[in-house]
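Read the structure below first, then the notes.
The values are calculated or read from the model by the stated rules, or taken from the named source; none is laboratory data. Just so we're clear, the structure is a prediction, and the values are computed from it rather than from any experiment. Using ideal geometry, Cβ is built from the backbone for each residue, glycine included, and neighbour counts are taken over all protein chains shown.
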Amino acid sequence: MALSKRSTFSHGVHIHDMKYLSKDKAIEVMPAPERVFISLAQHIGKPAQAVVAVGDIVSRGQLIGKADGFVSANVFASVSGVVEKIAPMRNPQGQMQTFIVIKNDNLDTTVTLDDIDKTDGKQIASRVGEAGLVGLGGAGFPTAVKINPPNPVDIVLINGAECEPYLTCDHRIMIENAEEFVKGARFLSIALGGAKIVVGIEENKPDAIEILSKYDDITVVPLKKKYPQGSEKQLIYACTKRKVGCGKLPATTGVCVFNVQTVKQTYDAVELNKPLYERVMTVTGKGINEPKNILVRNGTSYEEIVAFCGGLKDDARKIVSGGPMMGRVLTDLSGYTKKTDSGLLVLAKGEANELEPTACISCGRCAQACPMHLMPMYIDLFTNVGDYELANHYGAMNCFECGTCAYVCPAKRDLVGSVQLCKQKLREMK
Ligand code: SF4
Ligand code: SF4
């Protein structure tokens, strides 16, 4: 069923969503590459530990990296073949990580996990960890930790907002895999003691709202189209009117939030015994020839993905891993997909901001737009003079780097960059 009133949160910004480029493109399966480069650090927490050696023959779905500690996640082979290399390599953000390189034998020999009792909440929670599930919206927080909250939870809230402009992979899953998605939500509900299932969906996805409203045990909350509607605190408020305190976990309000694709992958893990080794991502932007939603194996090179989508246009200017607001700019296409990759965005000339920042004109727009009610201009000002504690007085550590302030800033100041620097300096000072 669906609520009739459209909900939202205070502040935020209205952005042209640009979803028309890919929203009607059905999910295409990208052929597996000849080689996959799989990072053991695709999640928040400790990297996984390699459990295979160079020369080993592995199957698709075989465990190759074992979670190392409570906040960590298992990693699986995405093709069958031979382990060619296990070595540290630099990821696109410049961090050194251990990668496992597998040469594909193109046989797709596949192994699955064992059957479990699908009505047992404890077994479902354990399966979510065993299958290597993490927050697939980009956060990468291990789902096994989230599904074991420190206090009772009465609402499973699914983030169907997909508020990042351009991205459409969650939308496609909700309409193409509705049945699996709903079953995945029910498994999460069982694991959380029978919590009510609520799905928040922005109004620019009326087909998803209509399809999911047909399920009596699912409450669909239509949301106004506004950024960052899908961030946890804003989504919880918009859908339940519960407020998460500063520095508090969402679960303290009795709500556990999951990404659409994490829910679908829960179905895969529990019903099909399939661990996480591939995901749907959106490849889009005016700088790519054929925008698509694709099912892609973990560890596929960005270069091959771009080729599968028709290649770059001559006026391609900027490549982003993720969406334009919270994604990371890539300097080239040398990286490889990971569990958290929801999109690969290629912006063309005129689409990407190419203006240089100028001095702050104290217009206050950044503060008016900030969904956390922070003062980004002062965080920027005091970070730039090296007074990080004063910058934090204006909320640096409460910022979740949504980019809303930078988007509305007429001076094009790098406000998110200042927040990131301030946080890093405060951590070093601790
Ligand atoms: S200060 Fe942080 S939370 Fe506020 S708008 Fe800027 S990036 Fe978003
Ligand atoms: S929006 Fe930009 S110019 Fe305006 S107050 Fe904020 S930082 Fe300054």
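For region 96-136, the candidate set comprises residues that are within 17 Å of Lys274 (Cα to Cα) and among the polar types (S, T, N, Q); within that set, the residue that is farthest from the chain's Cα centre (by Cα) is Thr109.
Can you pull out every residue in region 409-424 that is surrounded by fewer than 18 Cβ atoms within 10 Å (Cβ to Cβ) and either farther than 13 Å from Pro357 by Cα or assigned by TED's automatic domain parsing to the domain that holds Leu249 (or both)? Passing the criteria: Gln420, Gln424. Selection over region 334-361 of residues that are polar (S, T, N, Q) and within 16 Å of ligand 1 (Cβ to nearest atom) gives a count of 1.
Answer with yes or no whether Leu344 is in contact with a helix residue (DSSP H, G or I) (Cβ under 9 Å, 6 or more places away or on another chain), surrounded by 14 or more Cβ atoms within 10 Å (Cβ to Cβ), of a type in the set (A, V, I, L, M, F, W, C) and outside the structural domain of Gly137 (by TED's automatic domain parsing). Working first, answer last.
Details: in contact with a helix residue (DSSP H, G or I) (Cβ under 9 Å, 6 or more places away or on another chain): yes; surrounded by 14 or more Cβ atoms within 10 Å (Cβ to Cβ): yes; of a type in the set (A, V, I, L, M, F, W, C): yes; outside the structural domain of Gly137 (by TED's automatic domain parsing): no.
Here the answer is no, as Leu344 does not meet what is asked.
Restricting region 362-375 to residues that are surrounded by fewer than 19 Cβ atoms within 10 Å (Cβ to Cβ) and among the small types (Gly, Ala, Ser), which is farthest from ligand 1 (Cβ to nearest atom)? Among them, the one singled out is Ser362.
Quick check on this structure: which one of Val280, Val320, Val329 is without any contact (Cβ under 8 Å) to a residue 12 or more places away in the chain and over 20 Å from Gly65 (Cα atoms)? Before the answer, list the steps.
Values: Val280 fails: without any contact (Cβ under 8 Å) to a residue 12 or more places away in the chain; Val320 fails: without any contact (Cβ under 8 Å) to a residue 12 or more places away in the chain.
It is Val329.
The selection criterion, being outside the structural domain of Ala406 (by TED's automatic domain parsing), under 18 Å from the mean Cα position of the chain (by Cα), within 16 Å of ligand 1 (Cβ to nearest atom) and more than 27 Å from Leu381 (Cβ to Cβ), holds for Gly323.
Given the structure, is Val128 assigned by TED's automatic domain parsing to the domain that holds Gly184, in a strand (DSSP E or B), out of contact with any Asp or Glu (no Cβ under 7 Å at 6 or more places or on another chain) and not small (Gly, Ala, Ser)? Here the answer is no, as Val128 does not meet what is asked.
Quick grid of which residues meet (1) hydroxyl-bearing (Ser, Thr, Tyr); (2) farther than 24 Å from Ala208 by Cβ; (3) in contact with a Pro (Cβ under 7 Å, 6 or more places away or on another chain):
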| site | (1), (2), (3) |
| --- | --- |
| Met96 | no, yes, yes |
| Val101 | no, yes, no |
| Asp108 | no, yes, no |
| Val111 | no, yes, no |
| Ser126 | yes, yes, no |
| Gly138 | no, no, no |
| Thr143 | yes, no, no |
| Ile158 | no, no, no |
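Within region 345-360, count every residue that is more than 16 Å from ligand 2 (Cβ to nearest atom) and outside any strand (DSSP E or B). Reasoning before the result, please.
Keep residues of region 345-360 that are more than 16 Å from ligand 2 (Cβ to nearest atom), which gives 345-352, 354.
Filter once more, so that each one left must be outside any strand (DSSP E or B): 349-352, 354.
Within region 345-360, residues that are more than 16 Å from ligand 2 (Cβ to nearest atom) and outside any strand (DSSP E or B) number 5.
Scanning region 186-221 for residues that are within 26 Å of Lys292 (Cβ to Cβ) and part of a helix (DSSP H, G or I) yields a total of 7. Can you tell me how many residues in region 133-191 are surrounded by fewer than 21 Cβ atoms within 10 Å (Cβ to Cβ) and among the acidic types (Asp, Glu)? So the answer is 4.
Among the residues of region 412-428, how many are of a type outside the set (Lys, Arg) and within 13 Å of ligand 2 (Cβ to nearest atom)? Outline the logic, then answer.
Step one: of region 412-428, the residues of a type outside the set (Lys, Arg) are 414-422, 424, 426, 428.
Next, only the ones that are within 13 Å of ligand 2 (Cβ to nearest atom) stay: 414-419.
Summing the residues that are of a type outside the set (Lys, Arg) and within 13 Å of ligand 2 (Cβ to nearest atom) in region 412-428 gives 6.
Mind listing just one residue for me: the one in region 282-319 that is of a type in the set (Asp, Glu) and under 15 Å from Tyr336 (Cβ atoms) and, of those, surrounded by the most Cβ atoms within 10 Å (Cβ to Cβ)? I'd like the intermediate steps shown before the answer.
Applying the first criterion (of a type in the set (Asp, Glu)) to region 282-319 yields 290, 303-304, 314-315.
Now narrow it down to the ones that are under 15 Å from Tyr336 (Cβ atoms): 303-304.
Details: Glu303: 14, Glu304: 19.
Ranking the candidates gives Glu304 first.
Select from region 370-400 the residues that are within 17 Å of Val244 (Cα to Cα) and part of a loop (DSSP other than H, G, I, E, B) and write down the one among them that is farthest from ligand 2 (Cβ to nearest atom). Walk me through it before giving the result.
Of all residues in region 370-400, those within 17 Å of Val244 (Cα to Cα) come to 370-374, 395, 397-400.
If we keep only those that are part of a loop (DSSP other than H, G, I, E, B) too, we end up with 370-374, 395, 399-400.
Details: Cys370: 9, Pro371: 15, Met372: 14, His373: 14, Leu374: 11, Gly395: 13, Cys399: 14, Phe400: 18 Å.
The extreme case among them is Phe400.
Being touching a strand residue (DSSP E or B) at 6+ places or on another chain (Cβ under 7 Å), acidic (Asp, Glu), outside any strand (DSSP E or B) and away from ligand 2 (no atom under 16 Å from the Cβ) is a condition met by at least one residue of region 314-337.
Find the residue count for region 401-411, including only residues that are part of a loop (DSSP other than H, G, I, E, B) and near ligand 2 (Cβ under 8 Å from one of its atoms). Before the answer, list the steps.
Here is the first cut: in region 401-411, the residues part of a loop (DSSP other than H, G, I, E, B) are 401-403, 409-411.
Now narrow it down to the ones that are near ligand 2 (Cβ under 8 Å from one of its atoms): 409-411.
Counting residues in region 401-411 that are part of a loop (DSSP other than H, G, I, E, B) and near ligand 2 (Cβ under 8 Å from one of its atoms) gives 3.
Quick test of your reading of the structure: Glu428 fulfils all but one of (1) more than 10 Å from ligand 1 (Cβ to nearest atom); (2) under 27 Å from Arg317 (Cβ atoms). Name the failing condition by number. So the condition that Glu428 fails would be (2). Picking from residues in region 208-219 that are surrounded by 14 or more Cβ atoms within 10 Å (Cβ to Cβ) and not aromatic (Phe, Trp, Tyr), the one that is nearest to His171 (Cα to Cα) is Ala208.
Which of the following residues is farther than 22 Å from Asn384 by Cα and out of contact with any strand residue (DSSP E or B) (no Cβ under 7 Å at 6 or more places or on another chain): Gly343, Gly350, Gly364? Answer to the check: Gly350.
Can you pull out every residue in region 50-65 that is within 21 Å of Ala269 (Cα to Cα) and buried (at least 16 other Cβ atoms within 10 Å of the Cβ)?
Restricting attention to region 50-65, the residues satisfying the condition of being within 21 Å of Ala269 (Cα to Cα) are 51, 58-65.
Result: Val58, Ser59, Arg60, Gly61, Gln62, Leu63, Ile64, Gly65.
Of the set (1) touching a residue at least 12 places away in the same chain (Cβ under 8 Å); (2) more than 9 Å from ligand 1 (Cβ to nearest atom), all apply to Gly395 but (2).
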